[in-house]
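Working notes, beginning with the structure itself.
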Amino acid sequence: MLVDCAIIGAGPAGLNAALVLGRARRRVLVFDDNQPRNAVTQESHGFLTRDGVKPYEFRAIAHQEISKYPSVDMQQVRVTSIRHADASFEITTEQGDLFSAKTVLLATGLKEILPPIEGLHDYYGKSVFCCPYCDGWELRDRPLVVISEGPQTFHLVKVVWNWSHDLLVCTNGHQVLTEEQRETLRKKGIEVVEDRITALVGKQGQLERMVFATQEERARRGGFVAPQLLQASPFGEELGCEMNAMGGIVTDSFGRTTVPGVYAAGDASLVVPAQLIIAAAEGSRAAAGVNTDLTERAFL
């Protein structure tokens, strides 16, 4: 059967797109490989009426709401390839099943590569996070560390300063700050340590101290880290979509990529660790783009 839209990915962008398209009476396939980027997150914040929701609860509510629309079919399987075939797209799953769709919406998100620091994974999502807007409130006024190895360091430190003025900036052996930036931070009482971090130490996911290659230790009670962000799937590039300088899929305001019939929404196009509400909104707008274009086709 040829469906109207195949949505690849079932995070907030993909699920909200499925909801909107289901309500538009479109035949939709949603492919969910059950590998959400926020799997380590205890709670999600900044979503009106859902502030503090646990990720698994959010997904359960979303699935329940979408289930009211019979034209939406959820497939719990990983997609391995997408091929443009004449006026449609062929989607192949890891089980070898083949599906056809008039359009494809990529809501595949990003994957995070954390700095190779001993113990970091034990604290990530519990007392060390990547998004201050998502988790800054819970860490307010604590002595915090900002771990960042790239050019975003200065900006991230300034943002985190809104939640705590007791900051330690760790670049893990990298020189990423200019003298002017270091002086600006010094005037704010923010110390910069460029020594390599050898370990994070604490209990039950709660950070207590940092250990450096110099054997020096610093007490910290939480913090933020800037992971490297990469596309979670190769489909955008494989389909020929234009990518921006940050590695995101280029779209217009309704999720249209540079390839006709291919749309993108959520982190895959934003290339930032977006909050749930932003990714969901992106999915809604992309769904409107899909429905508009399919409607225009029907009147040709």
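Values quoted throughout were computed directly from the atomic coordinates according to the rules given, and no laboratory measurement underlies them. Being a predicted model, the structure only gives us computed values, none of them experimental. Note that each Cβ is placed from the backbone with ideal geometry, even for glycine, and that neighbours are counted across all protein chains shown.
For the chain, C5, C130, C170, C241 stand unpaired, since no other cysteine beta carbon lies under 4.7 Å from theirs. Taking Lys and Arg as +1 and Asp and Glu as -1, the other residues whose beta-carbon sits under 13 Å from that of L270 total 0.
In terms of surrounding Cβ atoms within a 10 Å radius of their Cβ, M243, M1 rank from fewest to most as M1, M243.
Using a cutoff of 8 angstrom between alpha carbon atoms and counting only pairs six or more residues apart, the relative contact order for the chain works out to 22 percent. The antiparallel fraction among DSSP beta bridges confined to the chain stands at about 45%. Shown for the chain: lysine pairs separated by 8 or more places, or found on different chains, whose C-alpha atoms are under 21 Å apart, numbering 6. Relative contact order, whole percent, for region 186-228 stands at 27, derived from Cα pairs under 8 Å and 6 or more residues apart. T198's amide H: which non-local residues (gap 5+, or another chain) put their own amide H closer than 5 Å, with H modeled 1.01 Å from N in plane and none for Pro or chain starts? Counting only residues 5 or more places away or on other chains, the set is V211, F212, A213. Given in Å, the Rg to one decimal and the Dmax to the nearest whole number for the Cα atoms of region 87-135 are 18.4, 50.
Close amide H partners of I7, meaning residues 5 or more places away or on another chain with modelled amide H under 5 Å apart, are L29, V30, F31, L105. Using C-alpha pairs under 8 Å with a sequence gap of at least 6, the mean separation divided by the residue count of region 132-263 gives a relative contact order of 20 percent. As a proxy for reagent exposure, K187, K158 were ordered by neighbouring Cβ count within 10 angstrom, fewest first; the result is K187, K158.
In the chain, helices alone account for a calculated mean residue ellipticity at 222 nm of -7500 deg cm²/dmol, with every DSSP H run of four or more residues adding -39,500 (n - 2.57).
Given R₀ = 30 Å, what would the calculated FRET efficiency be for R297 paired with I113, taking r from the Cβ atoms and rounding to 0.05? E(calc), rounded to 0.05, equals 0.15. Under Stokes-Einstein, with the Kirkwood radius over Cα pairs standing in for Rh, what whole-number D in µm²/s applies to region 115-225 at 4 °C and 1.567 mPa s? Approximately 95 µm²/s, per Stokes-Einstein. Expressed as a fraction of 2.2 N^0.38 Å, the C-alpha radius of gyration for the chain is 1.11. Averaging 1/r over every pair of different alpha carbons in region 43-121 and inverting the result gives a Kirkwood radius of 16.3 Å.
Legend: ranking of residues S88, S233 from fewest to most surrounding C-beta atoms inside 10 Å; resulting order S88, S233. Normalised by 2.2 N^0.38 Å, where N is the number of residues, the C-alpha radius of gyration of region 144-195 stands at 0.98.
Derived scalar couplings between HN and Hα for region 239-250 equal 7, x, 5, 5, 10, 8, 5, 8, x, x, 7, 6 Hz in order, rounded to whole Hz, by the Karplus curve 6.51 cos²θ - 1.76 cosθ + 1.60 (θ = phi - 60°), x for Gly and Pro.
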